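These notes concern the structure reproduced below.
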Amino acid sequence: IVHTELDGTWTFFHEQLLTDTEAHAAQARGEGQSVSVPIEFNQFLNKTNTFGTFVKTMTVPAHYKNQVLAVQVPYEYSAVKIFAHNQLVLESGVVGRDAKSHETMLERKVGYFHVTDRTFTLLYIKKSTSKIFLCCSSLAC
């Protein structure tokens with residue numbers, strides 16, 4: 001098993017729950033904020049009870065093409081959704097726009113997806129109600 005940390009530069013869309021297509025269009029318009037993860041919401045937003053979409057385009061080695069990859073979210077008290085190729089890979093809790101529609105969980109999750117091209121986009125949608133990191137999730141083959 002090969003592990004790749006997902007730390008690094010991501011594009012963040014504050015208080016937006018975007019699809020892959022919407023994220024690409026917003027990036028093409030120059031929208032979004034470049035952030036280096038891991039990072040706490042309050043480090044760049046001065047607030048903790050918020051949500052948003054983190055986007056990262058990944059390029060994997062040629063031998064990963066047509067393989068099944070896994071993405072892991074370590075234990076954290078939050079709600080997340082991760083998409084690859086516009087397909088839901090994993091979900092923990094319920095990412096909501098407000099307290100009524102939000103459900104936080106404390107769990108470790110692993111999601112799997114098939115890579116059909118060397119380049120793909122990961123969307124990491126997150127809601128935080130406490131001082132919490134976008135954790136150093138990892139990608140494995």
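Here are some notes:
- Contacts under 6 angstrom Cβ, first residue in region 66-92 being closer than 17 Å to residue 121 by Cβ, partner acidic (Asp, Glu), 6 or more apart: 81/91; 86/20
- Residue 43 vs. criteria under 18 Å from residue 7 (Cα atoms), in a strand (DSSP E or B) and either open to solvent by 60 Å² or more (accessible area, probe 1.4 Å) or not charged (D, E, K, R) (or both): no
- Selection over region 22-35 of residues that are surrounded by fewer than 12 Cβ atoms within 10 Å (Cβ to Cβ) and either within 22 Å of residue 112 (Cβ to Cβ) or in contact with a strand residue (DSSP E or B) (Cβ under 9 Å, 6 or more places away or on another chain) (or both) gives a count of 1.
- Residue 55 being surrounded by 19 or more Cβ atoms within 10 Å (Cβ to Cβ), in contact with a helix residue (DSSP H, G or I) (Cβ under 6 Å, 6 or more places away or on another chain), modelled with pLDDT of 85 or more and in a strand (DSSP E or B): yes
- Region 89-116 - residue that is open to solvent by less than 50 Å² (accessible area, probe 1.4 Å) and assigned to a loop (DSSP other than H, G, I, E, B) and, of those, farthest from residue 49 (Cα to Cα): 115
The values are calculated or read from the model by the stated rules, or taken from the named source; none is laboratory data. Remember, predicted model here, so these are calculated numbers, not experimental data. Here the Cβ is made from the backbone with ideal geometry for all residues, glycine too, and neighbour counts use every protein chain on show. The protein model used for the area step is the full one, side chains on, heavy atoms only, and it has no ligands, DNA or RNA in it. Shrake-Rupley method; radii C 1.70, N 1.55, O 1.52, S 1.80 Å.
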